[in-house]
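K.L.:
Sending over a structure as structure tokens; questions will come in a sec.
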Amino acid sequence: MTVRQLSLPELADACGRLGIGQVGLWREPVQSYGLAKSAKLVRDAGLTVTTLCRGGFLTATDPDERAAALADNRRAVDEAAALGTDTLVLVSGGLPPGARDLRAARGRIADALTELAPYAGEHGVRLAIEPLHPMYASDRCVVSTLAQALDLAERFPAHQVGVAVDTYHVWWDDQAPAQIARAGTAGRIHTFQLADWTTPLPEGVLNGRGQIGDGVIDMREWRTHVESAGYTGPIEVELFNETLWAGDGHAVLAETARRFVAHVIRRT
């Protein structure tokens, strides 16, 4: 998503040129290119798919909408398995139209996971509940903190349900480091994602994630938190940013790789 202006073949080629061996994919470009073709493309390029994004949107009250959401999430599990990734990221969903009960919405997520978690486990796929910043609670994700995400995840085995830790969404929460440790103890950190926080936010706020190093988040500190919790998996960069998308995708990817080394890997 950081370089969504690149086609999947262009992305695979660019990763190869930069020595990037792992990539997180989104369902829409995979579906557009074709699932089987996408799976072959990444295999032939020597790429490992770290995660597939996204499943979720499980808060509907209408029975038909709920059934459709469950069916779509089962398809997402199938797609993740076909791509060779063991992790499907879930964005849980916001409040249904006219609703105001956050607790009830989270309860419907738990009910949906009761059906989806065993299905995912049977296919070798883990569901990673991603808490989103509270500004998205009304329309996109009623799970706003790692504590809330873990309260849902801990109802199920860790090989079925865990959490996604995204710096953009949790950096503000002074309880997040303790919750990362809680997740790590149980083996529930299923992915770790990076994006910086810059202000002012753009109108609409969805596409306001900053390039690494441009904002206020200490990336090395958050890397230390997850590593101290026992996480040894891939680190993804996921930037929703209109300015980056308007630029040359190859240049954006190369700059992102440089920023990753400078602000995440290199020790000061």
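The values are calculated or read from the model by the stated rules, or taken from the named source; none is laboratory data. Since we're looking at a predicted model, the values are computed, not measured. Neighbour counts are summed over all protein chains in view; Cβ atoms, including those assigned to glycine, are modelled from backbone coordinates with ideal geometry. Each accessible area value is taken on the protein alone, full model and side chains, heavy atoms only, with ligands, DNA and RNA left out. Shrake-Rupley method; radii C 1.70, N 1.55, O 1.52, S 1.80 Å.
K.L.:
What net charge is computed for the residues neighbouring R188, neighbours being all others with C-beta under 10 Å from the C-beta of R188, Lys and Arg scored +1, Asp and Glu -1?
P.N.:
+1
K.L.:
For the stretch 70-78, just list the computed ³J(HN,Hα) in residue order, Karplus coefficients 6.51, -1.76 and 1.60, θ = phi - 60°, integers in Hz, with x standing in for Gly and Pro.
P.N.:
Listing the rounded values in order: 5, 5, 5, 5, 5, 4, 5, 4, 4 Hz.
K.L.:
Can you pull out the trypsin sites (Lys or Arg not before Pro) in the stretch 212-268 whose DSSP state is coil and whose Cβ has at most 16 other Cβ atoms within 10 Å?
P.N.:
R266, R267
K.L.:
Give the shape of the stretch 56-197 as rounded, prolate or oblate, defined through the alpha-carbon gyration tensor: a ≥ b ≥ c are the square roots of its eigenvalues, a/c under 1.5 means rounded, and otherwise the shape is prolate if a/b is larger than b/c and oblate if not.
P.N.:
oblate
K.L.:
Return one whole number: the accessible area per residue of the chain in Å², for a 1.4 Å probe.
P.N.:
Result: 44 Å² of accessible area for each residue.
K.L.:
By its C-alpha gyration tensor, with a ≥ b ≥ c as the square roots of the eigenvalues, how is the chain shaped: rounded for a/c under 1.5, else prolate for a/b larger than b/c, else oblate?
P.N.:
Rounded, since a/c falls under 1.5.
K.L.:
Using helices alone, I'd like the mean residue ellipticity at 222 nm for the chain: each DSSP H run of four-plus residues gives -39500 (n - 2.57), total over residue count, nearest 500.
P.N.:
-13500 deg cm²/dmol
K.L.:
Further question on the same structure: Using only Cα atoms, locate the centre of the stretch 29-94 and the centre of the stretch 215-268, then give the distance between them in Å, rounded to an integer.
P.N.:
For the stretch 29-94 versus the stretch 215-268, the Cα centre distance is 23 Å.
K.L.:
Hey, any idea what % of the chain's accessible area is carbon plus sulfur with a 1.4 Å probe?
P.N.:
Looking at the chain in its full context, I get 51 percent from C and S.
K.L.:
Applying the Karplus parametrisation 6.51 cos²θ - 1.76 cosθ + 1.60 with θ = phi - 60° to the phi angles of the stretch 17-25, what ³J(HN,Hα) value in whole Hz is obtained for each residue in order, glycine and proline being reported as x?
P.N.:
Going residue by residue, I get 5, 8, x, 8, x, 9, 8, x, 10 Hz, with x marking Gly and Pro.
K.L.:
Along the stretch 192-205, what does the Karplus equation 6.51 cos²θ - 1.76 cosθ + 1.60 (θ = phi - 60°) give for ³J(HN,Hα), rounded to whole Hz, x for Gly and Pro?
P.N.:
10, 10, 10, 7, 9, 10, 10, 10, x, 6, x, 4, x, 6
K.L.:
Residues with amide H under 5 Å of R209's amide H, sequence separation 5 or more or different chain, H placed in the peptide plane at 1.01 Å from N; which?
P.N.:
The answer is F240.
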